[in-house]
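The values are calculated or read from the model by the stated rules, or taken from the named source; none is laboratory data. On a predicted model such as this, the values are computed, not experimentally measured, just so you know. Neighbour counts run over all protein chains shown; Cβ positions are idealised from the backbone, glycine included. The area values use the complete protein model at the heavy-atom level, side chains included, leaving out ligands, DNA and RNA. Shrake-Rupley method; radii C 1.70, N 1.55, O 1.52, S 1.80 Å.
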Amino acid sequence: MTLRILVGISGGIAAYKAAALIRLLVQEGHDVHAVPTESALRFIGKPTLEALSRNPVTSDVFDDVAEVRHVALGQRADLIIVAPATANTLAKLANGQADDLLGTSVLAATAPLVIAPAMHTEMWRHPATRHNVATLAERGAHFVGPDAGELTGGDVGAGRLAEPERIAQEALAVLGDGSLRGRSVVVSAGGTHESIDPVRFIGNRSSGAMGVALARRALARGASVTLVGANLQVAAPAGADIVSVESTAELREAMLRHANADFVIMAAAVSDYRVATGSDTKLKKDALGANPSIELIENPDILAELAQADRSNTVIGFAAETEIDEDALVALGMTKLKRKGADLLVVNRVGTDSGFGERATSVTVIDTDGIVAAASGTKMSVADVIMDAIVKHKETP
C-alpha cells in the first residue's frame, strides 16, 4: 500500500538524518513530501530533499497559493513525521502555531502525527519541553526517541535523534492494522554460502531484500519478529531480533531453534548442495590443474523439515523460478508445495535482470487449492500482499 507521507524537518543539526529517513520511505514505495522549516534549510539543502523525495520542496506558505498548498499537504497526508523536532518546533506544535508551512500542514491534517525530537539534554529535560511533549501526547501524537548518546559539541546524554530506520519503522507501525499483534514471526532472508576454501564459496544472487521487506511488514502489523539473515546485502529492520548465519547448516539450526513461532517464513535462497570436502587453506590454481572438479553433496531440505514436523503453526515457503509461462510457473509451484508440505508457497519469477535485489518483483501465492494472491511491484508493496494472504489463511477455518 502506497502512503502519502509528509516529513517535517526543523532546524537542528540532526536535520541531515532526514535525508536518510526520506530515502527509506521512498524505497518502501511511499509518496513522500518534505516540508522543511526555513531554519532546516540552513542545515540541509532543498535540492537534496527534492532529489530524495522525488517531489518539489517548499517551506513558504505563499508558494502555490492557487493550490492552497499550505493546507492541502496536511489534508492529503496519510501520515506526518516530524524529524528532527527541535524544542522550538515542539513548542509551536503544542501551541498550534501556524506561521510556516509545517505548522499549517499539521493543523490541517487528520493523519497520525509522529514526532522524533532532537536537542541537547538540558532542553529536552526542561519543564517547558516536558509540558509540550505531554500536551502533544495527550492529543494523540506518537513519539520516537530521543535516544541517549553523543550530541553536538561533544556533550553526551538524552536528546539524540533516533536512527532513521527506527523512525520509519515505528511511524509506519502506527498505521499498522494490528493483524499480527501478539503473534510471533520468524523470517529467513538472503542466500546461503557453501565454503569451498577460505576464499571461495558457492552462493546465489539473493540479497535478502524480500525477506527483510516481509520482516518490516510483520513488525508494522504488531508481530514480534526474528530475522534469520544469510549473508544479507540490505539493512535489517530495527525492532527485529537478528540472527546472522552463513551456510545452509547454520540456517537450518537457527530456523529449527525458532520453529515454535506462530508464522515461519522461509524466504531465504538455500543452496541445494554443499562441498563434500572443503579446504582449510586456499586452493592453488597450479595444484588444481586446468579442469578441476568439486564433489557436491545434498543439503537438508529445511522447508520440508519445518513443514512436515508435528506443528500447529503456519509455514510459508518460497520458490524462485525462471519459467516465463504463468500456468507452467504455477504448476511448478503446486508440485513443490505438495512435496514440501507447507501451508502456502510464494512463487516468484526471477532472472539475471529481475527479482533479485532492489528490483521490482512479481509473485504468485498459492495453497493446495490454487492461487490465493498475486502481486507485482516493489518488495515492500509485494510484502504487504503476501502478509495479507498469510493472515487470511490463518483466519480461514
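For every residue, the table says whether it meets (1) modelled with pLDDT of 95 or more; (2) surrounded by fewer than 17 Cβ atoms within 10 Å (Cβ to Cβ); (3) hydrophobic (A, V, I, L, M, F, W, C).
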| position | (1), (2), (3) |
| --- | --- |
| M266 | yes, no, yes |
| Y273 | no, yes, no |
| T281 | no, yes, no |
| D286 | no, yes, no |
| N291 | no, yes, no |
| G317 | yes, no, no |
| S354 | no, yes, no |
Checklist entry - Is it the case that the stretch 163-173 has a residue that's more than 30 Å from S207 (Cα to Cα) and assigned to a helix (DSSP H, G or I)? => result no
Next on the checklist: Exactly one condition in (1) modelled with pLDDT of 95 or more; (2) farther than 30 Å from H30 by Cα is false for A331; which is it?
Outcome noted: (1)
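Every residue, every condition in (1) touching a residue at least 12 places away in the same chain (Cβ under 8 Å); (2) of a type in the set (G, A, S); (3) farther than 19 Å from M210 by Cβ; (4) part of a loop (DSSP other than H, G, I, E, B), yes or no:
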| position | (1), (2), (3), (4) |
| --- | --- |
| A287 | no, yes, yes, no |
| L303 | yes, no, no, no |
| S312 | no, yes, yes, yes |
| F318 | yes, no, no, no |
| T335 | no, no, yes, no |
| R339 | yes, no, yes, no |
| A342 | yes, yes, no, yes |
Checklist entry - Residues of the stretch 121-150 being of a type in the set (D, E, K, R), open to solvent by 50 Å² or more (accessible area, probe 1.4 Å) and outside any helix (DSSP H, G or I), which ones? => result R139, E150
Next on the checklist: If a residue must be closer than 23 Å to N299 by Cβ, open to solvent by less than 30 Å² (accessible area, probe 1.4 Å) and assigned to a loop (DSSP other than H, G, I, E, B), how many such residues does the stretch 239-258 contain?
Outcome noted: 1
Next on the checklist: I want to confirm something. Restricting to the stretch 38-94 and keeping residues that are among the β-branched types (V, I, T) and at pLDDT 90 or above, which single residue is nearest to K17 (Cα to Cα)?
Outcome noted: I44
Checklist entry - Does the stretch 222-238 contain at least one residue that is crowded, with 24+ Cβ neighbours inside 10 Å, more than 25 Å from N348 (Cβ to Cβ) and either of a type in the set (A, V, I, L, M) or touching a Leu at 6+ places or on another chain (Cβ under 7 Å) (or both)? => result no
Next on the checklist: Just to be sure I understand the filter: pairs with C-beta atoms under 6 Å, separated by 6 or more residues or on different chains, first member in the stretch 137-152 and touching a residue at least 24 places away in the same chain (Cβ under 8 Å), second member open to solvent by less than 20 Å² (accessible area, probe 1.4 Å) and in a strand (DSSP E or B). Which pairs pass?
Outcome noted: A141/I115; H142/V114; F143/I115; V144/A116; G145/A116; P146/P117; P146/G159; L151/G159
Checklist entry - Taking interchain pairs and intrachain pairs at least six residues apart, which have beta carbon atoms under 8 angstrom, with the first residue in the stretch 195-209 and without any contact (Cβ under 8 Å) to a residue 12 or more places away in the chain and the second crowded, with 16+ Cβ neighbours inside 10 Å and in a loop (DSSP other than H, G, I, E, B)? => result F201/H193
Checklist entry - Among the residues of the stretch 171-188, is there at least one that is in contact with a Pro (Cβ under 6 Å, 6 or more places away or on another chain) and either over 30 Å from A269 (Cβ atoms) or at pLDDT 90 or above (or both)? => result yes
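Hey, can you tell me all the residues within the stretch 359-397 that are small (G, A, S) and touching a helix residue (DSSP H, G or I) at 6+ places or on another chain (Cβ under 6 Å)?
Residues satisfying the conditions are A373, A375, A383.
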Next on the checklist: For the stretch 359-373: of the residues being assigned to a loop (DSSP other than H, G, I, E, B) and out of contact with any Gly (no Cβ under 9 Å at 6 or more places or on another chain), which is surrounded by the fewest Cβ atoms within 10 Å (Cβ to Cβ)?
Outcome noted: D369
Checklist entry - Between a first residue in the stretch 158-175 that is over 17 Å from A223 (Cα atoms) and among the hydrophobic types (A, V, I, L, M, F, W, C) and a second residue that is surrounded by fewer than 18 Cβ atoms within 10 Å (Cβ to Cβ) and at pLDDT 85 or above, which pairs have beta carbons less than 7 Å apart while being 6 or more apart in sequence or on different chains? => result A158/T121
Checklist entry - Which one of these is open to solvent by 10 Å² or more (accessible area, probe 1.4 Å), farther than 23 Å from A118 by Cβ and among the basic types (K, R): R160, R166, R183? => result R183
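Go through the stretch 237-264 residue by residue and tally those that are farther than 25 Å from K394 by Cβ and either over 18 Å from the mean Cα position of the chain (by Cα) or modelled with pLDDT under 95 (or both).
So the count comes out to 8.
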Item to check | Filter pass, V106 being open to solvent by 20 Å² or more (accessible area, probe 1.4 Å), within 25 Å of D177 (Cβ to Cβ), outside any loop (DSSP other than H, G, I, E, B) and touching a residue at least 12 places away in the same chain (Cβ under 8 Å) | outcome: yes
Checklist outcome for this item: Counting only residues in the stretch 374-388 that are open to solvent by less than 20 Å² (accessible area, probe 1.4 Å) and of a type in the set (A, V, I, L, M, F, W, C), the one farthest from V187 (Cα to Cα) is identified as A375
Checklist outcome for this item: Result of the Cβ filter at 9 Å on the stretch 79-95, keeping first residues that are outside any strand (DSSP E or B) and partners that are among the basic types (K, R), at least 6 apart or interchain, is A94/R139
